[in-house]
1. Tell me the helices (runs of 4 or more DSSP H) entirely within region 158-261 that contain at least 2 residues that are modelled with pLDDT under 80 and farther than 23 Å from residue 115 by Cα.
2. Inside region 141-151, can you point out the residues that are assigned to a loop (DSSP other than H, G, I, E, B) and modelled with pLDDT of 75 or more?
3. Looking for something closer than 25 Å to residue 37 by Cβ, within 17 Å of the chain's Cα centre (by Cα) and either modelled with pLDDT under 85 or part of a helix (DSSP H, G or I) (or both) - is there at least one such residue anywhere in region 94-104?
4. For residue 48, state whether it is in contact with a helix residue (DSSP H, G or I) (Cβ under 6 Å, 6 or more places away or on another chain), modelled with pLDDT of 80 or more and buried (at least 24 other Cβ atoms within 10 Å of the Cβ).
């Protein structure tokens, strides 16, 4: 029975890691629902395992994207202070919620956060030219990468860095509260708010989520919500899935990445809301 459980956990981890690397979600928003739905794991322990697995996703996929120069490290580093602070706040709030036995709140917040992400993603049907503001000019938030799907060199610059920081703080709070890397909001913040290309947003999100998840996981560990066997086994699967997903990601057109992103969010949002209201 234990061998079967290990195999199931590995398969769940591979699935979560693969989707997480493709979309920039970090795998957590897939891993938590799968653990709670398929195995009946408490959402508190599923969230603790998810944070550990998200670190693995970031390490695997993030390294590949940095090597291939898709990740914008300067932009990622400039935004990580806000996400880390938010993750600590969110994890402390989660501890209070779980101690009070109000787990349903986490499910509902999870679903609402994903629905908001879907709205923003669908609303952005075309990219408009946005001028750099003074802050992003001073920080020199520019870059370029070669798109493996088209062979073209894509040059870009960031905009509205201050608004991106505000979104990242919120993403960090949700990361700590829900036990995820909060890649959904990170991608949307960089894509929709800062006007970065989708692939750059996704790759930079994968780079950032590990730091965010690490901050939240320390709080979850102290609260006793990290079960070593569960977290370790799923992390191995997530690591393998993330490596595979990062290879596939570079060969997909940006439009396909966006469609996959929306599909995953719709499915997970519906599931979380239904579970939150007891259905």
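The values are calculated or read from the model by the stated rules, or taken from the named source; none is laboratory data. Note that the coordinates shown come from a computational prediction; the quantities given were computed from them, not determined experimentally. Using ideal geometry, Cβ is built from the backbone for each residue, glycine included, and neighbour counts are taken over all protein chains shown.
1. Details: elements: 161-178, 183-188, 198-223, 228-249.
Where helices (runs of 4 or more DSSP H) fall fully within region 158-261 and carry at least 2 residues being modelled with pLDDT under 80 and farther than 23 Å from residue 115 by Cα, they are 228-249.
2. To start, the set of residues in region 141-151 that are assigned to a loop (DSSP other than H, G, I, E, B) comprises 141, 147-151.
Hit for region 141-151 is 141, nothing else.
3. No, every residue in region 94-104 fails to be closer than 25 Å to residue 37 by Cβ, within 17 Å of the chain's Cα centre (by Cα) and either modelled with pLDDT under 85 or part of a helix (DSSP H, G or I) (or both).
4. Details: in contact with a helix residue (DSSP H, G or I) (Cβ under 6 Å, 6 or more places away or on another chain): yes; modelled with pLDDT of 80 or more: yes; buried (at least 24 other Cβ atoms within 10 Å of the Cβ): yes.
Yes: the conditions hold for residue 48.
Listed here are the residues, each with its yes/no results for (1) within 12 Å of the chain's Cα centre (by Cα); (2) without any contact (Cβ under 8 Å) to a residue 24 or more places away in the chain; (3) surrounded by 24 or more Cβ atoms within 10 Å (Cβ to Cβ).
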position	(1), (2), (3)
164	no, no, yes
168	yes, no, yes
171	yes, no, yes
182	yes, no, yes
192	no, no, no
195	no, no, no
